[in-house]
Amino acid sequence: MKLHNVRVHRSDEELTRQNQLAWKIAEVAADPVEVTPEVTEMVINRVIDNAAVAAASLTRRPVVSARSQALAHPLPTRQLEELTETLEHPQDGSTVFGEEQALRVSPEWAAWANGVAVRELDYHDTFLAAEYSHPGDNIPPITAVAQHAARAFGLTGRELVRGIATGYEIQIDLAKAISLHAHKIDHVAHLGPSAAAGIGTMLGLPVETIFQAIGQALHTTTATRQSRKGEISSWKAHAPAFAGKMAVEAIDRAMRGETSPTPIYEGEDGVIAWLLDGPQASYDVPLPEPGEAKRAILDSYTKEHSAEYQAQAWIDLARKLHREHPEVADPSRVDAIVIHTSHHTHYVIGSGANDPQKYDPTASRETLDHSIPYIFTVALQDGGWHHVDSYLPSRAARPDTVELWGKVTTTEDPEWTRRYHSIDPAEKAFGGRVEIRMADGTVITDEIAVADAHPLGARPFARADYVNKFRMLAADVLEPAEIDRFLSVAERLPSLTAAELGGLTITAAPGVLASVPAPKGLF
């Protein structure tokens, strides 16, 4: 890896395109280096992971809404008889999770609908460093373009794997170096450029075209973090899908010769100068050298539980305490529970956020998902976590839960903050130490560094775990034959033909989608 220094330049300074971060990212994307076998295997894992969480969310309102919008945008050239054509031949257009493979829509709208389905439950992979990210959000837009462009560009599963590897690489490299949340900018500002770069890799576009698409994608996807603050709304799931949609559109415009604001990062009125650390800012962004394999996906980690990533280790610790000290689940026997953790966990999903909604039993699912006091309480009482049951209004309103929940607070511990930001994988941690003061005067303490499913955790996720996660989450919405079909296609990802790329979707069992009426809107 090579570190690239990035700083703000005045307009009267000469900053050539070749020295701009967007250009350097585009060069990485255009590098024809092959994907390593271990990265290929992890790409397959994450494609399965995305489909798993999408399946579980097919009937949730934000997903139904996004899907209905996508279905209102079929390709203008789609003819009725084409809907029944054999899938032995590639089709233009992209599939939509839940619908039949033959039903195709415009790729940017497929990226939108599928992106919302993937993110709705906040249940797929994560990478945390200077910035937070869910790099699996790259998969929907890149796959949508792969399906749509398969015939025109002669794409196969190999090219799709290469594109996904680039998307992960760029988003993770940016997250390692440039903090967005410190300036209340939403983390999807790193996703627009990474998805555009990944699509550029897959299509084999020239550096110039990818450069322009990256600039446009960044320019159109910067927004504040209010979507993850206070009363968290359904836009939390839509934000990354919007970034993916913008990336597809940016690629389309750049391919037509349209240009972007330049320099997008370094300009005196650019992103760094006015949205991030200001005119004096300086970042060192790591990017692969020419010919160096893109391996960043191996630094990311998926979720065993449907909750914000910083909650993963705490759920695991809570279920351990549930087994070893069942008395801690009884609020009448507990005086206080103090979670000593990192700056991020304390201030974003802990009591340090000063959001009263994090203690509100009537709060939305999205809000409860970002409340470590709530999550730790329920996991402590139930000895586990369920992606639906743990968020039910009846569960949140249970009197003994509300009482115990009110006794849980967080505090920042400098050592856990240091470990959170460590660049040493063996030291990096997303947990902390809990201190439970009992009414009888005893104190129970325990700690956890990483989630059980983390690569360094007690039970690291492997292929079988991804497959089991998919089977579990898809069981109520897909027919058994469809579950087996998708897994067979996904596990052959690198060797898929252009015609087979359309199989990277899931079709709901009869009646599932019809059970939830689609909302009416403008389209």
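The values are calculated or read from the model by the stated rules, or taken from the named source; none is laboratory data. Everything numeric here is computed off the predicted structure, so don't read it as measured data. All Cβ positions, even for glycine, are placed from backbone atoms using ideal geometry, and neighbour counts span all protein chains on display.
Structural remarks
- Pairs linking a residue in the range 381-400 that is farther than 18 Å from residue 331 by Cα and in the same structural domain as residue 361 (by TED's automatic domain parsing) to a residue that is among the small types (Gly, Ala, Ser) and surrounded by 12 or more Cβ atoms within 10 Å (Cβ to Cβ), with Cβ atoms under 6 Å and 6 or more positions apart or on different chains, are 385/379; 387/306.
- Residues being among the basic types (Lys, Arg) and within 19 Å of residue 214 (Cα to Cα) - total across the range 133-192: 2
- For the range 407-523, the strands (runs of 3 or more DSSP E) that sit wholly inside it and include 1 or more residues that are out of contact with any helix residue (DSSP H, G or I) (no Cβ under 9 Å at 6 or more places or on another chain) and touching a residue at least 24 places away in the same chain (Cβ under 8 Å) are 432-438.
- Residue selected from the range 1-59 under the condition assigned to a helix (DSSP H, G or I) and free of Cβ contacts under 8 Å to residues at least 60 places away in the same chain, by the criterion nearest to the chain's Cα centre (by Cα): 37
- Residue 268 vs. criteria acidic (Asp, Glu) and in contact with a helix residue (DSSP H, G or I) (Cβ under 7 Å, 6 or more places away or on another chain): no
- Test: residue in the range 215-233 that is part of a loop (DSSP other than H, G, I, E, B), out of contact with any Ser or Thr (no Cβ under 7 Å at 6 or more places or on another chain), closer than 19 Å to residue 286 by Cα and of a type in the set (A, V, I, L, M, F, W, C): no
- Test set (1) modelled with pLDDT of 95 or more; (2) under 17 Å from the mean Cα position of the chain (by Cα); (3) not aliphatic (A, V, I, L, M) - residue 233 fails condition number: (1)
- Of everything listed in (1) at pLDDT 95 or above; (2) on the phi < 0 side of the Ramachandran plot; (3) surrounded by fewer than 23 Cβ atoms within 10 Å (Cβ to Cβ), the single unmet condition for residue 241 is (3).
- Counting residues in the range 369-392 that are part of a loop (DSSP other than H, G, I, E, B), of a type in the set (A, V, I, L, M, F, W, C) and touching a strand residue (DSSP E or B) at 6+ places or on another chain (Cβ under 6 Å) gives zero.
- The one condition in (1) within 21 Å of residue 341 (Cβ to Cβ); (2) out of contact with any His (no Cβ under 6 Å at 6 or more places or on another chain); (3) crowded, with 17+ Cβ neighbours inside 10 Å that residue 432 fails to fulfil: (2)
- Filter pass, residue 214 being among the aliphatic types (A, V, I, L, M) and within 20 Å of the chain's Cα centre (by Cα): yes
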